[in-house]
1. Does T164 meet the test of being among the hydroxyl-bearing types (S, T, Y), at negative phi, open to solvent by less than 20 Å² (accessible area, probe 1.4 Å) and in a loop (DSSP other than H, G, I, E, B)?
2. Does G90 satisfy the criteria of being under 19 Å from the mean Cα position of the chain (by Cα) and over 14 Å from L177 (Cβ atoms)?
3. Here is a check on your reading of the model: is E116 open to solvent by 30 Å² or more (accessible area, probe 1.4 Å), among the acidic types (D, E) and free of Cβ contacts under 8 Å to residues at least 60 places away in the same chain?
4. Among the residues of region 167-180, how many are surrounded by 14 or more Cβ atoms within 10 Å (Cβ to Cβ) and free of Cβ contacts under 8 Å to residues at least 24 places away in the same chain?
5. Residue pairs, Cβ under 7 Å, 6 or more apart or interchain, first in region 126-142 and in a loop (DSSP other than H, G, I, E, B), second small (G, A, S). List them.
6. Is at least one residue of region 143-158 under 24 Å from G81 (Cα atoms), open to solvent by 10 Å² or more (accessible area, probe 1.4 Å) and outside any helix (DSSP H, G or I)?
Amino acid sequence: MTSSLTCTVVVPCYNEAARLDTEAFLEFIAQDRGISILFVNDASTDNTLTILQQLQSRCSEKIRVLNKLKNGGKGEAVRDGMLEAIRLGGSQVVGFWDADLATPLDAIPELLGELEKNDHLEMVLGSRVRLLGRDVHRKAIRHYLGRVFATVASILLSLHVYDTQCGAKLFRVTPQLEEILATPFCSRWVFDVEILARYIVANKDHRDHLDTTIYEYPLRKWEDVAGSKVHPLDFVVAFGDLLRIYQRYLA
């Protein structure tokens, strides 16, 4: 599937040397698409930066590396990466993708296709919905904790969103997106919810606008990958961040 839209996908990386599937990225980027990858090294302490620089040297036209000297957490790595992609120019769409490829790279053109089909869409969110014909596998504990979290997030946002935390999202480049990304997030991990909260605030006078500009795309494939940095106890912190986001933007 090829889109006429140009796109840069940000891949945040912190100590991903053991899990990074470099060949998968190279095979994907070698296909004739207007898609580039911007890796953000979030001050990794392992060999991640070296691996990313080697990747860039093999395909410098479509792969770039942003190296952060101080660890700021996944949210800031994503925010800095998307702002850098916008600053570099040439991309009509920016987004982010988890480095472990729990969501396969082949899903990028599928999400991009939704933005191409509908000019009114501002963002497409990958959603892990276990439907017949979909190959979605999550560990039970993470699935149920995730469902509780997403339900609470949906209630606090007053937005019918099924899956806020899937690490596969694309956004149309607009002045409003740049404003949403302009300041640091207050949450290191549930920044996805914070992006939505900022978008809601930016469109507070046109609430019905949200239903026509945000689209959740049921992923065809998603699978838990060993070595995830998210653990069950992190959901306690996530709920605290969720409350902080609500109080800052929506209360």
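The values are calculated or read from the model by the stated rules, or taken from the named source; none is laboratory data. What you are looking at is a predicted structure, and each value in this text was computed from that prediction instead of being measured. Please note: Cβ atoms are built from the backbone with ideal geometry, for glycine as well, and neighbour counts cover all protein chains shown. Please note that ligands, DNA and RNA were not included when accessible areas were found on the heavy atoms of the full protein model with its side chains. Shrake-Rupley method; radii C 1.70, N 1.55, O 1.52, S 1.80 Å.
1. On the way: among the hydroxyl-bearing types (S, T, Y): yes; at negative phi: yes; open to solvent by less than 20 Å² (accessible area, probe 1.4 Å): yes; in a loop (DSSP other than H, G, I, E, B): yes.
When the stated conditions are applied, T164 passes them.
2. On the way: under 19 Å from the mean Cα position of the chain (by Cα): no; over 14 Å from L177 (Cβ atoms): yes.
Criteria not met by G90.
3. On the way: open to solvent by 30 Å² or more (accessible area, probe 1.4 Å): yes; among the acidic types (D, E): yes; free of Cβ contacts under 8 Å to residues at least 60 places away in the same chain: no.
Against the criterion (open to solvent by 30 Å² or more (accessible area, probe 1.4 Å), among the acidic types (D, E) and free of Cβ contacts under 8 Å to residues at least 60 places away in the same chain), E116 does not qualify.
4. Of the residues in that region, 1 qualify.
5. Filtered contacts from region 126-142: no entries.
6. From region 143-158, those under 24 Å from G81 (Cα atoms) are none; that's our starting set.
Among the residues of region 143-158, not one is under 24 Å from G81 (Cα atoms), open to solvent by 10 Å² or more (accessible area, probe 1.4 Å) and outside any helix (DSSP H, G or I), which makes the answer no.
Residue-by-condition table, conditions (1) in contact with a strand residue (DSSP E or B) (Cβ under 6 Å, 6 or more places away or on another chain); (2) of a type outside the set (S, T, N, Q); (3) buried (at least 18 other Cβ atoms within 10 Å of the Cβ):
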| residue | (1), (2), (3) |
| --- | --- |
| T6 | no, no, no |
| A17 | no, yes, no |
| E27 | no, yes, no |
| D42 | yes, yes, yes |
| T45 | no, no, no |
| I51 | no, yes, yes |
| S57 | no, no, no |
| K62 | yes, yes, yes |
